[in-house]
Amino acid sequence: MLISHLHLQNYRNYQEVELDFSPSINIFLGENAQGKTNLLESLYVLALTKSHRTNNEKELIYFKEKEARLTCEVVKQTGKVPLEIRFTPKGRRGKVNHIEQKKLSQYIGKLNVILFAPEDLELVKGTPSVRRKFLDMEISQVSPIYLYDLVQYQRLLKQRNQYLKQTAFEKRTLDELYLDILDEQLAEYGEKILQVRREFVQKLEKFASVLHANISNQKEKLHLEYHSTIKEDSDYLSQLKNARKKDVKHFSTSVGIHRDDLLFFVNELDVASFGSQGQQRTTALSVKLAEIDLMYDETGEYPLLLLDDVMSELDNERQLHLLEAIQGKAQTFITTTTLKHLENLDVVAQIFEIEQGAV
Ligand code: ATP
Ligand code: MG
């Protein structure tokens, strides 16, 4: 898929901008703090309805304005799809084909993107929550059902934790029956999410391990493991119930997909703990690159690739692997302060010069 046209109004430092993109490579070139990442971010927002940089929607609206509007035209094999996202004082709204969507979960998935950023290393080195978010974002883009289940799960989890806290603070007796009902619902959604995540990780490993072997000149073998707080030998609901006593004491839910993690092993050693910087970087890059093929596999279309300042972060060897992986496949957007690292590009790229919110 690709984006042919973008229109931003009062978005970040862009009051009004309209752009037509190349179907292959687009480069956003400019000095620091001019709006390169803002522009890239707008594409991410059009795909996922929120920013990868902030949860505060106000930051996305041009200073002192009340509303921001982002529209684009997505071109797919099946036809053109106009998308619109608006940030208003009442929250965010999305339109597909000019029709307002009741739920944003119905909007997500129309445009698929993969973002490469210097923070990708956090995927390996960061906390489990970074990896859970990664899984959730990627799977949600290709599966609206997954996103729906996840929203339900999070709502029920919040309800359970709040109930545990409230009864503890008000020193009330616990309504076990009420907790039984909550647990049943939580287990129902949790089980589904767990299964989809396990399958996704298996597929991801299939693609990532090949890439990792190539980047490391066949010296390293990458293995991915989904690590769940729910053991496979017994059912989800009974494990949740078994944890209740402990959960009541700590007024929080100790088992479930919100506590799970994704582990990376290189030559059988945990990369986060034992890997060198280089091994950690190769792992993060392989996993991100694997998503390109994985999304193609799931949807029959390549996602947009958004590269925020990544070239300067990678050594020559990894730069070449990244460039090789992106050339000719997917529509790509690259932010950079210099064209130095992009001389090896073998295709014609369109360059957009950015200065203080103007292109
Ligand atoms: P770098 O090369 O340092 O990464 P960049 O070109 O990617 O720079 P951006 O992050 O895209 O820079 O833009 C930063 C600029 O956008 C800042 O100068 C900031 O003041 C401005 N900015 C951010 N949010 C808003 C907003 N809501 N309204 C107006 N300006 C904003
Ligand atoms: Mg930037």
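Any read-out appearing in this document is the output of simple, stated calculations on the displayed coordinates, not a laboratory observation. Please read these numbers as outputs of a predicted model, since none were measured by experiment. Cβ coordinates were reconstructed from backbone atoms using ideal geometry, including for glycine residues, and neighbour counts include every protein chain displayed.
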Using only the Cα atoms of segment 1-158, build the gyration tensor, take square roots of its eigenvalues as a ≥ b ≥ c, and label the shape rounded, prolate or oblate: rounded if a/c is under 1.5, else prolate if a/b is larger than b/c, else oblate.
-> rounded
Divide by every residue of the chain the summed helix terms, -39500 (n - 2.57) for each DSSP H run of at least 4, and state the resulting mean residue ellipticity at 222 nm, rounded to the nearest 500 deg cm²/dmol.
-> -14000 deg cm²/dmol
Along segment 51-59, Karplus-curve 3J(HN,Hα) (6.51, -1.76, 1.60; θ = phi - 60°) to the nearest Hz, with x for Gly and Pro, reads 7, 7, 9, 8, 9, 8, 5, 4, 5
Would you mind checking the pairs K58/K158; K165/K245; K80/K110; K50/K95; K76/K288; K206/K288 and listing those with alpha carbons more than 19 angstrom apart?
-> K58/K158; K76/K288
Along the charge dipole of segment 22-122, which of V96, T71, S42 sits closest to the positive end, that is, farthest toward it, with unit charges on the beta carbon of Lys, Arg, Asp and Glu (+1, +1, -1, -1)?
-> V96
FRET efficiency for A213 and I99, using Cβ-Cβ distance with R0 set to 45 Å, rounded to 0.05 = 0.50
Cα coordinate range in segment 122-236, projected on the principal axes (Å, largest first) = 62, 29, 27
For segment 59-105, listing GluC sites (Glu not before Pro) in a DSSP loop whose Cβ sees at most 15 other Cβ atoms within 10 Å gives E65, E67
List the chymotrypsin sites (Phe, Trp or Tyr not before Pro) within segment 25-80 that fall in a DSSP loop (any state other than H, G, I, E or B) and whose Cβ has at most 14 other Cβ atoms within 10 Å.
-> F63
Normalised convex hull volume, segment 253-359, alpha-carbon set, Å³ per residue = 189
With θ set to phi - 60°, apply the Karplus curve 6.51 cos²θ - 1.76 cosθ + 1.60 along segment 63-73 and write out the HN-Hα couplings as whole Hz, x wherever there is a Gly or Pro.
-> 2, 6, 8, 9, 9, 10, 9, 10, 10, 8, 10
Filtering GluC sites (Glu not before Pro) in segment 117-190 by DSSP loop and by at most 13 other Cβ atoms within 10 Å leaves E170
Provide I257, I351, I230, I326 in ascending order of the number of other Cβ atoms located within 10 Å of each residue's Cβ, fewest first.
-> I351, I230, I326, I257
Gyration tensor (alpha-carbon) shape descriptor, the chain, a/c threshold 1.5 = oblate
Based on the mean of other Cβ atoms within 10 Å per residue, sort peptides 282-288, 329-335 so the most packed one is first.
-> 282-288, 329-335
How high is the FRET efficiency between K64 and L339 when r is their beta carbon distance and R₀ equals 41 Å, given to the nearest 0.05?
-> 0.75
Kindly identify segment 123-181 as rounded, prolate or oblate by the Cα gyration tensor criterion: order the square roots of the eigenvalues as a ≥ b ≥ c, call it rounded if a/c is under 1.5, otherwise compare a/b with b/c, prolate if a/b is larger, else oblate.
-> oblate
Please compute the net charge surrounding T127, taking Lys and Arg as +1 and Asp and Glu as -1 over other residues with Cβ under 15 Å from its Cβ.
-> -2
With a sphere of radius 12 Å drawn around the Cβ of M295, what net charge do the other residues whose Cβ falls strictly inside it have (Lys, Arg +1; Asp, Glu -1)?
-> -3
One would report the antiparallel percent of DSSP beta bridges in the chain, rounded to the nearest 5, as 70
